[in-house]
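Asker: Before I ask anything, here is the structure I am working with.
The values are calculated or read from the model by the stated rules, or taken from the named source; none is laboratory data. As the structure is a prediction and not an experimental result, all values here were calculated from the model. Positions of Cβ are generated from backbone atoms using ideal geometry, with glycine treated the same way; all protein chains shown enter the neighbour counts. Ligands, DNA and RNA are excluded from the accessible area calculation, which covers all protein heavy atoms including side chains. Shrake-Rupley method; radii C 1.70, N 1.55, O 1.52, S 1.80 Å.
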Amino acid sequence: MNLTIVEYPDKKLREKSKEVECFDETLHNLLDAMYPKMINTNGIGLAAIQVAQPIRALILNIPDEEGNQPEENLLEIINPVVIEAAGETIYQEGCLSVPQFYEDVKRHETIKINYQDRDGNTKTLEAEGLLAIAIQHEMDHLEGILFIDKLSYARRKKFEKEYKKLQKERKQNA
Ligand code: QAP
Ligand code: CO
């Protein structure tokens with residue numbers, strides 16, 4: 001399965017992703033293809049909608065202390081639901097769908113979710129730190145929300161200007 005990352009301002013990223021009901025080979029093939037795509041593009045998190053599949057599935061692989069992302073640390077999260085969220089934290093986020101732009105975003109510090117694994121088994125996960133931030137970022141994708149939507153009006157304007165310039169440069173290099 002050959003996947004392409006959908007990039008802002010593609011309207012596809014605004015779609016609301018649908019609940020996964022079939023935990024079949026099609027889902028497994030998609031998840032299996034998402035992992036190398038994420039690693040090869042230097043990602044730590046990827047939602048299915050970012051590869052044009054509007055389903056409530058996301059993967060995460062937070063680097064360890066050495067900066068490694070072994071596949072055994074891969075988290076596959078299907079149909080996540082937030083059951084608890086507390087505290088506040090600010091982190092400079094980026095997104096594979098918004099290349100080369102990073103900005104501070106406010107999130108909950110800790111989060112507890114229920115979700116399903118690739119076989120449909122129900123799981124609970126309590127997260128803090130970068131994992132908690134990444135879960136919130138990826139779950140926003142399921143609603144068609146991007147981290148740039150969370151910026152102040154002034155920062156968003158700064159983003160639109162910088163991003164247009166970056167896109168121009170990238171087109172010239174392509
Ligand atoms: C979401 O983001 C996230 O601009 C995952 O040129 C972000 O993997 C979770 C990336 C922050 C927690 C904190 C971005 C790679 C990767 C770029 C990513 C780029 C290359 C972003
Ligand atoms: Co993202």
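Asker: Of Lys18/Lys157; Lys106/Lys158; Lys12/Lys161; Lys12/Lys157; Lys12/Lys171; Lys12/Lys123, which ones are farther than 24 Å apart at the Cα?
Answerer: Cα-Cα > 24 Å for Lys18/Lys157; Lys12/Lys123; rest within.
Asker: Find the accessible area per residue for the chain; the probe is 1.4 Å, ligands and nucleic acids are left out, and the unit is Å².
Answerer: 57 Å²
Asker: For Glu25 and Glu109 in one chain, what is 0.36 nm times their gap in residues minus the Cα-Cα distance, to one decimal in nm?
Answerer: Value of the extension gain: 26.7 nm.
Asker: Between Glu72 and Tyr102, what FRET efficiency follows from the Cβ-Cβ distance if R0 is 35 Å, with the result rounded to 0.05?
Answerer: Efficiency computed from Cβ-Cβ geometry: 0.80.
Asker: Now for a different question. Along the charge dipole of segment 18-174, pointing to its positive end and built from +1/-1 on Cβ of Lys, Arg, Asp and Glu, which listed residue (Cys95, Leu74, Leu58) has its Cα farthest out?
Answerer: Comparing the listed Cα positions along the dipole, Cys95 ranks first.
Asker: While we're here: For labels at Lys164 and Asp32 in the simple 7 Å Cα→Cβ model, what's the distance in nm?
Answerer: Distance between the two pseudo-spin positions: 4.5 nm.
Asker: Still on this structure: With the crude spin-label approximation of a point 7 Å out along Cα→Cβ, what separation in nm comes out for Thr89 versus Asp10?
Answerer: Modelled inter-label distance: 2.9 nm.
Asker: I've got another one for you. Tell me the Rg and the Dmax, in Å, that the Cα atoms of segment 35-174 produce.
Answerer: 15.6, 47
Asker: Using a Gaussian network model of the chain with C-alpha springs under 10 Å, which one of Ser97, Ser17, Ser152 is most mobile by mean-square fluctuation?
Answerer: Ser152
Asker: Pop out the carbon and sulfur fraction of the accessible area of the chain as a percent, whole number, probe 1.4 Å.
Answerer: 46 percent
Asker: I would also like to ask the following. Can you tell me the dipole magnitude for segment 64-166 around its Cα centre, using point charges on the Cβ only (Lys, Arg +1; Asp, Glu -1), in Debye to the nearest 20?
Answerer: It comes to approximately 900 debye.
Asker: Can you give me the Rg/Rh ratio for segment 1-113, using Cα atoms for both radii and the Kirkwood formula for Rh?
Answerer: My calculation of the ratio gives 0.95.
Asker: While we're looking at this one, here's another question. Mind checking segment 98-145 for chymotrypsin sites (Phe, Trp or Tyr not before Pro) that DSSP puts in a loop (not H, G, I, E or B) and that have at most 14 other Cβ atoms within 10 Å?
Answerer: For chymotrypsin sites (Phe, Trp or Tyr not before Pro) across segment 98-145 that sit outside H, G, I, E and B with at most 14 neighbouring Cβ atoms in 10 Å, the list reads Tyr102.
Asker: Using DSSP to call loops (not H, G, I, E or B), can you name the GluC sites (Glu not before Pro) in segment 21-81 whose Cβ has at most 16 other Cβ atoms within 10 angstrom?
Answerer: Glu21, Glu65, Glu66
Asker: Let me know the shape class of segment 29-81, please: from the alpha-carbon gyration tensor, a ≥ b ≥ c as square roots of the eigenvalues, rounded when a/c is under 1.5, otherwise prolate if a/b is greater than b/c, or oblate.
Answerer: Prolate, because a/c is 1.5 or more and a/b exceeds b/c.
Asker: Kindly provide the helix-only [θ] at 222 nm of the chain, computed as the sum of -39,500 (n - 2.57) over DSSP H runs of four or more divided by all residues, to the nearest 500 deg cm²/dmol?
Answerer: -10000 deg cm²/dmol
Asker: So which trypsin sites (Lys or Arg not before Pro) in segment 1-106 end up in coil per DSSP with only 12 or fewer other C-beta atoms within 10 Å?
Answerer: Answer by residue number: Lys16.
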